[in-house]
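Heads up, the thing below is written out as structure tokens.
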């Protein structure tokens with residue numbers, strides 16, 4: 001690169017449609033660099049953590065007898081990481097030669113896109129994770145027979161009139177479907193809650209910085 005990001009950003013606010021005080025330019029440039037670099041670093045660490053967790057869980061699942069859950073977990077989270085890695089690559093391609101203010105706006109637009117995509121994914125992600133747990137424990141070996149079948153047998157002993165569908169109590173199917181619907185409906189909100197826990201402070205600083213710049217430009 002012919003110019004470092006620091007130099008580009010220091011020059012950014014000095015364009016005709018930007019701020020004019022050099023000290024203020026430098027202050028907001030440094031704040032911008034710090035916020036975006038911190039976000040990128042946290043985002044990469046988060047993706048690495050997801051990969052590590054999914055791989056460890058895959059191994060552990062074979063030892064505890066729920067390999068189906070482990071495989072579904074691993075595949076689902078791998079797809080999630082691949083999608084977000086592509087989004088991160090898009091962030092890296094944002095033109096650093098534009099003004100600092102325009103770069104911040106582009107970064108904010110990228111965040112909105114990233115959040116929107118992951119909210120949609122979460123509507124499927126949480127139900128898939130829930131079903132993987134159900135299926136995994138249902139087929140878990142319990143003294144020579146699947147755990148699910150053993151539980152159903154015990155239920156039938158106490159409640160012989162229990163209505164079954166494909167060997168599964170109807171009430172169990174209804175409860176599972178209800179949970180799936182709730183997870184799908186609230187998936188986006190659960191993701192936003194999780195997102196705010198991890199990146200909430202970074203987003204707040206970004207919003208405050210954008211408000212300050214907008215007020216100074218007006």
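Values in this text are rule-based calculations from the coordinates and carry no lab data. Please read these numbers as outputs of a predicted model, since none were measured by experiment. Every residue, glycine among them, receives a Cβ derived from its backbone with ideal geometry; neighbour counts consider all protein chains shown.
Evaluate the distance, in nm, between pseudo-label points positioned 7 Å from the Cα of residue 174 and of residue 130 along their respective Cα→Cβ axes.
Result: 1.6 nm between the two label points.
Want the number for residue 150 to residue 64: 0.36 nm per residue separation, take away the alpha-carbon distance, what's left?
Net length gain for the segment: 29.2 nm.
What residues of segment 126-146 lie in the reach of a label at residue 50, counting those whose backbone N is under 12 Å from a point 7 Å from the Cα along Cα→Cβ?
126
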